[in-house]
1. Compute the Cα gyration tensor for the range 88-171, then decide on rounded, prolate or oblate, letting a ≥ b ≥ c be the square roots of its eigenvalues: rounded whenever a/c is under 1.5, prolate when a/b is larger than b/c in the other cases, and oblate in all that remain.
2. With an 8 Å cut-off on Cα pairs and a minimum separation of 6 or more residues, tell me the relative contact order of the range 4-88 in percent.
3. Fully extended, how many nm does the chain gain between Lys72 and Arg123 (0.36 nm per residue separation, minus their Cα-Cα distance)?
4. Just need the relative contact order of the range 97-161 here, percent rounded to a whole number, with Cα pairs under 8 Å and 6+ apart.
5. Regarding the chain, what is the average projected area of its C-alpha convex hull, in nm²?
6. Hey, how many Å between the Cα centroid of the range 7-40 and the Cα centroid of the range 77-136?
7. Can you tell me which of 101-112, 59-70, 84-95 comes out highest on packing, and rank the rest after it, using the mean Cβ neighbours within 10 Å?
8. Considering the range 4-88, what Rg and Dmax in Å follow from its alpha-carbon atoms?
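All of the numbers you see were taken from the coordinates with simple rules; none came from a lab. As the structure is a computational prediction, the values presented were derived from the model and not from experiment. Ideal geometry is used to build each Cβ from the backbone, glycine not excepted, and the neighbour counts take in all protein chains shown.
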Amino acid sequence: MNGGGMLSRIGVYATRAKDYYEIISELRRLNLDFVSLDPDSPLPKEIKVVLVAKEDALKMQGLNGVKVVEVKDKGISLLSARIRLALQGRDKFGELIVGIDPGETYGLAVVADSALIDYRVFREVDDLLNYVKDVVEAKLAVRTLLRIGDGSPKHRDKVLSTFSIGLEGVEVEVVDEALASLTSIPSLDPPIPKDAASALHIALKEGHRVKGGLHV
């Protein structure tokens, strides 16, 4: 996944080293270019979105033609989605799909309006659940859908069981991984981990609806 139209359009400002490091580490993981900002210097004209730590938000208010995105403690995991929405001048995506490849590790890919916006690999199903809960509760899209691969029935059922306790009323589909693997995906630079790539295939393939979604 690369930054595409985001190159050099993202500015970062944080006075605390910890906040700054967390923000730029996530941007680097996502292969997004950025510019470090100084509030006492003119804002580069190409900057369209400014990421600012919560404690520093007031210092970056009132910028004409620039969207200021306040990064809170839990917001770092949703940074890519919030950047894309800000650049597009939108409050929500039309459709957001979370693809999950269950196995000894859990690959995850997040697709918003047909574009890959995030990917991860989790070792523990509870960590996977916590991330997906953050995505669902953020209400980033008009429609949010989970697609779970069926390649490992044991791990698929573990995900479904865990999610049924931790998520409410979420639309879920189970996807045939043999068919999903035939779905073409764009070449990604840099390439993403194998499990995340499998999750992307799953996200892009329509599956069988889990009746009633997930309910507590």
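1. In terms of gyration-tensor shape, prolate.
2. 32 percent
3. Computed gain between Lys72 and Arg123 is 15.9 nm.
4. Relative contact order of the range 97-161: 40 percent.
5. 11.9 nm²
6. Each part reduced to its Cα centre gives a spacing of 20 Å.
7. 101-112, 84-95, 59-70
8. When restricted to Cα atoms, the range 4-88 yields Rg and Dmax of 11.5, 30 Å.
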